[in-house]
Each structure stands twice: as structure tokens, then as C-alpha cells.
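Encoded as C-alpha cells, the structure appears first; notes follow it.
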């Protein structure tokens, strides 16, 4: 390994310009990106969802794509901005005995679905409502 030509010493008075610094590599640093950055497991689920924009009360409809303990992905024609707050009401699949999910979510991403006029919205769940 080539040595850098930069003087370095713990005591500046003992530094000599003719001696190269000895650097040591430490383990750690940046996390290697492997494509999946989420910590929670996602469950694919397709349910109808009513979306209410908290700022102006506008109501739009869509479907869920997947659900995790800390977020939900939605597919809808509505295009939110990053950080926007939405109230969602997810209806369980037909014939299910599960109660509907009501939550306050915040938009983390929005991408257009290929060959469609719909958008996939990634959200983080801020609060579960009763």
C-alpha cells in the first residue's frame, strides 16, 4: 500500500516534514447499498383505500400495494408532495373480519407507475387512529 506524503504526528512539535504519515484503515463507514433500505418486512396486500389530504380535506381513492409495521404503499391517481400528511382509511378484503385500518401517514416517495396514469406513494405511518 503506498504511503501518503503528508506529515502527521500526535505532537505537532515532533512532526518532521520528511517522514510520510502512516494511515490505518478502520472497519465500518458507509452502509453498502444492496437495493433494500427498509428495516421492516413488507406484506403484499391489495385493499381499497380512502385517502384524505389533511391540508385541504380533498378525498381521493386508491389501493394498497403492501403494508409493514411502519409504512404502507398506495397506488392512486393523486400526486402528493414529499412530506405531505394524509389520513388513510384502508378497507379490509371482502368477507374479512378484520377491522378497517385508519392512520395518519406522511409521504416519503412518489413514483409514476410505468404505462399508467397512476402513482405509487410510499408512506410512513405516524399514528394509528381508532
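The numbers here are math on the coordinates, done by the rules we state, and not lab data. Remember, predicted model here, so these are calculated numbers, not experimental data. Methodologically, a virtual Cβ is constructed for each residue, glycine included, from the backbone with ideal geometry; neighbour enumeration extends over all protein chains shown.
Over region 43-129, what relative contact order in percent results from Cα pairs under 8 Å that are six or more residues apart? Let's see the in-between values first.
On the way: 213 pairs, mean separation 23.8, N = 87.
After rounding, I find 27 percent.
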### Task
Multiply the residue gap between residue 42 and residue 70 by 0.36 nm, knock off their C-alpha separation, and tell me the result in nm, one decimal place.
9.1 nm
### Query
What do you get for Rg/Rh over region 58-130 if you use C-alpha atoms and the Kirkwood form of Rh?
0.96
### Query
Rounded to the nearest 0.05, what FRET efficiency do residue 116 and residue 82 have when you use their Cβ-Cβ distance and R0 = 35 Å?
0.95
### Summary
One finds, for residue 97 and residue 56 with R0 = 25 angstrom and r their Cβ-Cβ distance, a FRET efficiency to the nearest 0.05 of 0.15
